[in-house]
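Undergrad: Quick one: the structure is below, and I'll ask about it shortly.
The values are calculated or read from the model by the stated rules, or taken from the named source; none is laboratory data. The shown structure was predicted, so the numbers you read here are calculated from the model rather than taken from an experiment. Cβ atoms come from the backbone with ideal geometry, glycine included; neighbour counts cover every protein chain shown.
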Amino acid sequence: MKALRWHGKADIRCEEVPDPQIEDARDAIIKVSSCAICGSDLHLYGHFMPGMQKGDIVGHEFMGEVVEVGAAAKGKLKVGERIVVPFTIICGECDQCKRGNFSVCQTTNRNKKVADAAFGHTTAGLFGYTHLTGGYPGGQAEYVRVPFADATHIKIPQGMPDEQALFLGDIFPTGWQGAVQCDIQPTDTVAIWGCGPVGQFAIRSAVLLGAKQVVAIDRVPERLAMARAGGAITINFDEESVVERLNELTGGWGPEKCIDCVGMEAHITSTVDAMYDRAKQALMMETDRPHVLREMIYVCRPAGVISVPGVYGGILDKIPFGAAMNKGLTFRMGQTHVNRWADDLVRRIERGQIDPSFVITHTASLEQGPEMYSVFREKQDSCIKVVLKP
Amino acid sequence: MRYETGRRRGQPDSATDTLARGLGVFSIALGIAEVAAPRALARWLGMRGQERLIQAYGVREIATGIGILASRDPTPWIWGRVAGDALDLATLATGIEQENPKQANVGIAMAAVAGVTALDLYCAKALSGESPTPLPPLRDYSDRSGLPRAPEAMRGAARRDFQVPPDMRAELPMPRL
């Protein structure tokens, strides 16, 4: 079969690899009908995340048809069913899964010792996302082995097109959880940094969850236009001060809720801290550029909530924790507990409350995948979201 | 399918960006060497008495390196390196004289500076060729709401049948006076 494989920084290739096989009774094999390039795949593409090995198959947003089911998964899945695969591999049985904390499943990371050493304790296994999270082959491929498939799946209603269902595996629930964990009140201003795909879903989630006003921050004109279409007031940080504008929009008190949909690769702005991050990262003395996190802590209203769905990978420097502590901020973060939200979000799509396909700007073949990584990363051709059809 | 890939977003492309950062790191490393060991360098070049000048050039290199790494647009700093290279070459040229027993070392140093100058020039020209400001959007996404009605009409639609799970609540009920 064909698959996209990581070979190093900015080096993704579409190559021929052996077809996956059932390795465990709880496995299933799916034939991928659609997959997507996620913003967090760009952290791998730029080699910001440690733990990748040459030849790894990438991709963690994918869906398709079940073509083979292991003996222990047969009660839950049938050949021919269409499923979306959540990017977090879950057992459904451990203490964390039972609490709904699926992204920190205690069972599915087969490289648990590495994760224990890196993070203190293991988190869930992930598809196509470094050997820290299991080194499982990803979904930008023609076929994928889904481990723990009896629990790791979202069934799709008949007739729901791929374009509406695909993002249930990651970016839609990620934006949704980013907003939900803010506990949005009808009096709240919610400020969202980053108008990439997760940011776009966070904007719409905050609107649906009833925020008084949603403010979106970015610099790319077409992303800001899409954010406005979803109901956000926008701030172009190239043209105006984020802090001043947010204070202006909130009577000087700052937004009650702040959502970081940017993560470790914050854009280099002309602020002193952003330049500091860039210099330190260039000298390999810092892994992440946490400009957004600093700005959120600074501008957030006291007793407010900082929600972080954006991915961070390592050590962060110069975090104003004194401000965070004295302002009494609440921090909520983490990879997404996809299966906690999936059934509810499927129903919202079915009812027409939201159509996730709005975010797709580019559709291409798997063979065009390497080129699309570059187009997406460079934000060329007004690219916001790429769907690949194997 | 053809993609619009020729236009830049007011940012260096990754290859030029990497080169510029590499030159920034090189600048700082060379600067530290010049500031820390001016005597050894002057001795190797047969240019004793120029120690202070070498240290001053070192400070210039460090400042330029920091400028390249820290600035959002490194273009003027790279052009600054090109000017510095010219100064270095002119200074080294004074060491090419019959009485200097280390003439050969000066020649090696000049060849190295000339090589770096070529890289600096290439990088500066590539950066100068890029658009300094973000380009206007190629496509209009102002109709991509994803919502069935205007956002104002959809505000709070999910509150009717959704409750924030207890472990994600942050708010107490609004106090009523």
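Undergrad: So is A:N339 more than 10 Å from every other protein chain (Cβ to nearest Cβ), surrounded by fewer than 17 Cβ atoms within 10 Å (Cβ to Cβ) and of a type outside the set (D, E, K, R) or not? Break it down into steps so the answer makes sense when it comes.
TA: On the way: more than 10 Å from every other protein chain (Cβ to nearest Cβ): yes; surrounded by fewer than 17 Cβ atoms within 10 Å (Cβ to Cβ): no; of a type outside the set (D, E, K, R): yes.
For A:N339, the condition - more than 10 Å from every other protein chain (Cβ to nearest Cβ), surrounded by fewer than 17 Cβ atoms within 10 Å (Cβ to Cβ) and of a type outside the set (D, E, K, R) - is not met.
Undergrad: While we're on this one: Would you confirm whether any residue within the range A:108-121 is assigned to a loop (DSSP other than H, G, I, E, B), surrounded by fewer than 24 Cβ atoms within 10 Å (Cβ to Cβ) and touching a helix residue (DSSP H, G or I) at 6+ places or on another chain (Cβ under 6 Å)?
TA: Yes: one or more hits.
Undergrad: Identify, from the list A:F48, A:F62, the residue that is touching a residue at least 60 places away in the same chain (Cβ under 8 Å), aromatic (F, W, Y) and more than 24 Å from A:M1 (Cβ to Cβ). Even if it seems obvious, please write down each step before you answer.
TA: On the way: A:F62 fails: more than 24 Å from A:M1 (Cβ to Cβ).
Result: A:F48 is the single residue among A:F48, A:F62 that is touching a residue at least 60 places away in the same chain (Cβ under 8 Å), aromatic (F, W, Y) and more than 24 Å from A:M1 (Cβ to Cβ).
Undergrad: How many residues, within the range A:350-370, are under 30 Å from A:V207 (Cα atoms) and facing chain B (nearest Cβ under 10 Å)?
TA: 13
Undergrad: I'm checking my understanding of the structure. Among residues of the range A:223-238 that are farther than 20 Å from A:T187 by Cα and more than 10 Å from chain B (Cβ to nearest Cβ), which one is surrounded by the most Cβ atoms within 10 Å (Cβ to Cβ)?
TA: A:I235
Undergrad: Another one. I need the strands (runs of 3 or more DSSP E) fully contained in the range A:1-53, keeping only those with at least 2 residues that are over 23 Å from A:V84 (Cα atoms) and acidic (D, E).
TA: A:11-16
Undergrad: Does A:R332 meet the test of being buried (at least 19 other Cβ atoms within 10 Å of the Cβ) and either in contact (Cβ under 8 Å) with a residue 60 or more places away in the chain or within 12 Å of chain B (Cβ to nearest Cβ) (or both)?
TA: For A:R332, the condition - buried (at least 19 other Cβ atoms within 10 Å of the Cβ) and either in contact (Cβ under 8 Å) with a residue 60 or more places away in the chain or within 12 Å of chain B (Cβ to nearest Cβ) (or both) - is met.
Undergrad: All but one of (1) within 22 Å of A:T88 (Cα to Cα); (2) away from chain B (no Cβ under 12 Å); (3) assigned to a helix (DSSP H, G or I); (4) not hydroxyl-bearing (S, T, Y) hold for A:D344; which doesn't?
TA: (2)
Undergrad: Which of (1) under 18 Å from A:V262 (Cα atoms); (2) within 11 Å of chain B (Cβ to nearest Cβ); (3) surrounded by 20 or more Cβ atoms within 10 Å (Cβ to Cβ) is the odd one out, the single condition A:Y373 does not satisfy?
TA: Checking A:Y373 against (1) under 18 Å from A:V262 (Cα atoms); (2) within 11 Å of chain B (Cβ to nearest Cβ); (3) surrounded by 20 or more Cβ atoms within 10 Å (Cβ to Cβ), the one that fails is (2).
Undergrad: Please note which helices (runs of 4 or more DSSP H) are completely contained in the range B:63-166 and include at least 2 residues that are within 27 Å of B:Q50 (Cα to Cα).
TA: Answer list for the range B:63-166: B:75-93, B:103-128.
Undergrad: Looking at B:Y57 and the list (1) surrounded by fewer than 19 Cβ atoms within 10 Å (Cβ to Cβ); (2) away from chain A (no Cβ under 14 Å); (3) of a type in the set (F, W, Y), which single condition is not satisfied?
TA: Tallying (1) surrounded by fewer than 19 Cβ atoms within 10 Å (Cβ to Cβ); (2) away from chain A (no Cβ under 14 Å); (3) of a type in the set (F, W, Y), B:Y57 fails exactly one: (1).
Undergrad: Then there's this: Which residue, of A:V215, A:V144, is farther than 25 Å from A:D260 by Cβ and assigned to a strand (DSSP E or B)?
TA: A:V144
Undergrad: Does the range A:64-81 include one or more residues that are in a loop (DSSP other than H, G, I, E, B), touching a Lys or Arg at 6+ places or on another chain (Cβ under 6 Å) and surrounded by fewer than 17 Cβ atoms within 10 Å (Cβ to Cβ)?
TA: no
Undergrad: What are the residues in the range A:82-107 that are within 25 Å of A:M63 (Cβ to Cβ) and outside any loop (DSSP other than H, G, I, E, B), if any?
TA: Residues satisfying the conditions are A:R82, A:I83, A:V84, A:V85, A:T88, A:I89, A:Q96, A:C97, A:F102, A:S103, A:V104.
Undergrad: Quick one: how many residues across the range B:9-32 are crowded, with 18+ Cβ neighbours inside 10 Å and at pLDDT below 55?
TA: Adding up the residues that qualify gives 2.
Undergrad: Next question, about the same structure. Kindly indicate whether A:I319 is away from every other protein chain (no Cβ under 13 Å), touching a helix residue (DSSP H, G or I) at 6+ places or on another chain (Cβ under 7 Å) and surrounded by fewer than 16 Cβ atoms within 10 Å (Cβ to Cβ).
TA: Criteria met by A:I319.
Undergrad: Output the qualifying pairs, or none if there are none: Cβ atoms under 6 angstrom, residues six or more apart or on different chains, first residue in the range A:193-209 and away from chain B (no Cβ under 11 Å) and farther than 20 Å from B:A157 by Cβ, second residue basic (K, R) and not in a helix (DSSP H, G or I).
TA: A:P197/A:K385
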